[in-house]
Amino acid sequence: MDCTRNQIRFAFSALVLCCVCTLSQGTELRFVTCGSVVKLLNSKHNVRLHSHDVRYGSGSGQQSVTGVTAVDDSNSYWTVRGKSNTVCQRGAAVKCGQTIRLTHVNTGRNLHSHRFTSPLSSNQEVSAFGDEGEGDLLDDWTVLCAGEVWEREEAVRLRHTATDALLSVTGEQYGRPINGQREVHAMPQASQHKFWRVMEGIFMKPSLQQLRTSSAQLHSEL
């Protein structure tokens, strides 16, 4: 009997929960790679980037994106993918300045932003959009970090490529039906509210060929 879409998502979520304890701390990778499934922590407000099948009651009416304090919520997992209409090779290190998509594991929708107003702070709304990981160019985010690649221990900023606004949390809290969850939005100004760190996750290792290519590139630069 064929599996339903929800059964597939449930099975994948269960795999994540089973593996995260051993892989998130045990892997030797020091950088974030394409295909990895991660949680992102806002460094200022200590909340993880989160989504669920609850839609905004205003603005776009799309799936809401929030920040939660819970560490073990499976709705806080996102898959790191290449930008729209491109493929980011599984296991390839994400470079500083690279444009990516973040796809919500449990619903298959991409982290998204646009000119709609966020419901609590009246900043730029951030939502989850698309179907099975496919949306549009407003799903693209550029990783802003200090070095060559996105280090796992580094606090980075995520800039919405189409509007130049930065993914942010400033502390506003929702009431029912998502009591206590924080509003996630986007803002153009640089501040301490806009830094994110990778926390729990499954990190895809580079292939042997990718490591050989990287080594060859390094030697040619030297």
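Here is a yes/no grid of residues against (1) closer than 27 Å to PRO177 by Cα; (2) of a type in the set (Ser, Thr, Tyr):
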| position | (1), (2) |
| --- | --- |
| THR69 | yes, yes |
| GLN89 | no, no |
| ALA92 | no, no |
| CYS96 | no, no |
| HIS104 | yes, no |
| ASP136 | no, no |
| VAL149 | no, no |
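Which of the residues belonging to the stretch 130-160 are open to solvent by 60 Å² or more (accessible area, probe 1.4 Å) and part of a loop (DSSP other than H, G, I, E, B)?
Residues satisfying the conditions are GLU132, ALA146, GLU148, GLU153.
For the stretch 117-154, how many residues are more than 13 Å from the chain's Cα centre (by Cα) and within 18 Å of GLN192 (Cα to Cα)?
8
Residue by residue through the stretch 36-64, note down the ones that are open to solvent by 30 Å² or more (accessible area, probe 1.4 Å) and either among the hydrophobic types (A, V, I, L, M, F, W, C) or closer than 30 Å to SER207 by Cβ (or both).
Residue satisfying the conditions is VAL54 alone.
Anything in the stretch 167-195 that is open to solvent by less than 10 Å² (accessible area, probe 1.4 Å) and touching a Lys or Arg at 6+ places or on another chain (Cβ under 6 Å)? List them, or say none. Please lay out each step first, then the result.
Initial filter on the stretch 167-195 (open to solvent by less than 10 Å² (accessible area, probe 1.4 Å)): 167-169, 183-186, 194.
Hits for the stretch 167-195 are SER168, VAL169, LYS194.
Anything in the stretch 79-98 that is open to solvent by less than 30 Å² (accessible area, probe 1.4 Å) and farther than 19 Å from PRO206 by Cα? List them, or say none.
Result: SER84, single match.
Can you tell me which residues in the stretch 181-195 are among the small types (Gly, Ala, Ser) and either in contact (Cβ under 8 Å) with a residue 40 or more places away in the chain or assigned to a strand (DSSP E or B) (or both)?
The first filter runs over the stretch 181-195 and keeps only residues among the small types (Gly, Ala, Ser), leaving 186, 190-191.
Listed by number, the list holds a single entry, ALA186.
Which count do you get for residues in the stretch 107-128 that are crowded, with 21+ Cβ neighbours inside 10 Å and closer than 26 Å to SER36 by Cα?
9
In this structure, does THR103 turn out to be open to solvent by less than 20 Å² (accessible area, probe 1.4 Å), free of Cβ contacts under 8 Å to residues at least 60 places away in the same chain and of a type outside the set (A, V, I, L, M)? Working first, answer last.
On the way: open to solvent by less than 20 Å² (accessible area, probe 1.4 Å): yes; free of Cβ contacts under 8 Å to residues at least 60 places away in the same chain: yes; of a type outside the set (A, V, I, L, M): yes.
The answer is yes for THR103.
Looking only at the stretch 81-129, count every residue that is touching a His at 6+ places or on another chain (Cβ under 7 Å) and not in a strand (DSSP E or B) and tell me the total.
Selection size over the stretch 81-129: 3.
Given the residues SER58, SER76, which is the only one that is within 11 Å of the chain's Cα centre (by Cα) and closer than 23 Å to GLY180 by Cβ? Give the steps one after another, and end with the answer.
Working: SER58 fails: within 11 Å of the chain's Cα centre (by Cα).
Testing whether each residue is within 11 Å of the chain's Cα centre (by Cα) and closer than 23 Å to GLY180 by Cβ leaves just SER76.
The values are calculated or read from the model by the stated rules, or taken from the named source; none is laboratory data. Keep in mind that what you see is a predicted model, and the values were worked out from it rather than measured. Every residue, glycine as well, gets a Cβ built from its backbone with ideal geometry; the counts of neighbours run over all protein chains shown. Heavy atoms of the whole protein, side chains included, go into the accessibility calculation; ligands, DNA and RNA do not. Shrake-Rupley method; radii C 1.70, N 1.55, O 1.52, S 1.80 Å.
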